[in-house]
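> One structure, pasted below without further comment.
No value in this document is a laboratory result; all are computed from the given coordinates. Just so it is clear, the structure is predicted and the values come from calculations on it, not from any experiment. Methodologically, a virtual Cβ is constructed for each residue, glycine included, from the backbone with ideal geometry; neighbour enumeration extends over all protein chains shown.
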């Protein structure tokens with residue numbers, strides 16, 4: 001596998017938005033309000049991830065973009081916590097270790113920024129991603145942290161980086 005992980009570029013916007021929205025169809029997830037599917041920032045991830053203490057990483061193989069994963073300082077999270085955000089892979093990239101590479105890159109970036117926790121929100125239909133989170137040491141929470149605006153999510157997890 002010759003996958004490279006790099007920071008996103010403005011020209012990645014269109015393909016990343018397509019990968020994200022296609023994932024909802026692939027896993028038969030309702031495309032309702034309160035999810036990244038309808039979030040207007042999904043169409044301009046490059047601008048969103050120019051925010052301080054954020055990063056969006058892209059997996060690419062032979063010029064083909066396979067997916068993305070980032071960290072973002074979501075409103076109302078504790079100062080020492082970031083949110084894992086926009087973790088989506090194309091159908092062709094799933095099950096090959098690409099997601100693990102992206103996730104580990106984000107965790108390392110969070111550590112390098114001096115953060116103590118990585119928080120995430122998901123839904124049961126993305127069970128393959130949830131199993132990756134479990135294997136990486138994320139623990140379930142009873143309620144959401146912060147204010148992501150994604151009221152459609154009903155799984156919340158956190159990982160202690162210390």
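> Convert 10 °C to kelvin, take the viscosity as 1.306 mPa s, use the Kirkwood radius over C-alpha pairs of the stretch 99-162 as Rh, and evaluate the Stokes-Einstein diffusion coefficient in µm²/s, rounded to a whole number.
Details: Rh = 12.3 Å.
Value of D from the Cα-based Kirkwood radius: 129 µm²/s.
> Name all residues of the stretch 73-104 having a backbone nitrogen under 11 Å from the label point set 7 Å from the Cα of residue 131 along its Cα→Cβ direction, giving them as ranges.
Residues passing the 11 Å test: 95.
> 222 nm [θ] for the chain, helices only, -39500 (n - 2.57) per DSSP H run of 4+, per residue, to 500?
Values: 4 runs with 42 residues, N = 162.
Rounded to the nearest 500, the figure is -7500 deg cm²/dmol.
> Give me the extension gain from residue 79 to residue 116: residue separation times 0.36 nm, minus the current Cα-Cα distance, reported in nm with one decimal. Each step should come with its number before you reach the end.
Working: separation 37, 0.36 × 37 = 13.32 nm, distance 0.91 nm.
Roughly 12.4 nm would be gained on extension.
> Treat the count of other C-beta atoms within 10 Å as a stand-in for reagent exposure and order 57, 27 from fewest to most. Mind dumping the intermediate values first?
Values: 57 22, 27 14.
Going from sparsest to densest Cβ surroundings: 27, 57.
> Next question, about the same structure. Sort 46, 88, 119 so that the residue with the fewest other Cβ atoms within 10 Å of its own Cβ comes first and the one with the most comes last. Each step should come with its number before you reach the end.
Numbers: 46 15, 88 26, 119 23.
Ranked by crowding around the Cβ, least crowded first: 46, 119, 88.
> Here's another thing I want to ask about it. So which residue, out of 62, 43, 26, gets the largest mean-square fluctuation from a GNM of the chain using Cα contacts under 10 Å as springs?
62
> Taking Cα pairs under 8 Å and at least six residues apart, what relative contact order does the stretch 4-160 come out at, in percent? All intermediate terms of the calculation are to be shown ahead of the outcome.
Numbers: 263 pairs, mean separation 36.9, N = 157.
It rounds to 24 percent for the stretch 4-160.
> Distance between the C-alpha centers of the stretch 20-67 and the stretch 99-131? Whole Å please.
If we compute the Cα centre of each part, the gap is 14 Å.
> Grab the Cα-Cα distance for residue 4 and residue 162, subtract it from 0.36 nm times how many residues apart they are, and report the gain in nm with one decimal. Walk me through the numbers on the way to the answer.
Numbers: separation 158, 0.36 × 158 = 56.88 nm, distance 2.70 nm.
Difference between extended and current length: 54.2 nm.
> Quick check: residue separation of residue 14 and residue 52 times 0.36 nm, minus the Cα distance between them. What number comes out in nm? Display every interim value, and only then the final one.
Numbers: separation 38, 0.36 × 38 = 13.68 nm, distance 2.26 nm.
Between residue 14 and residue 52, full extension yields an extra 11.4 nm.
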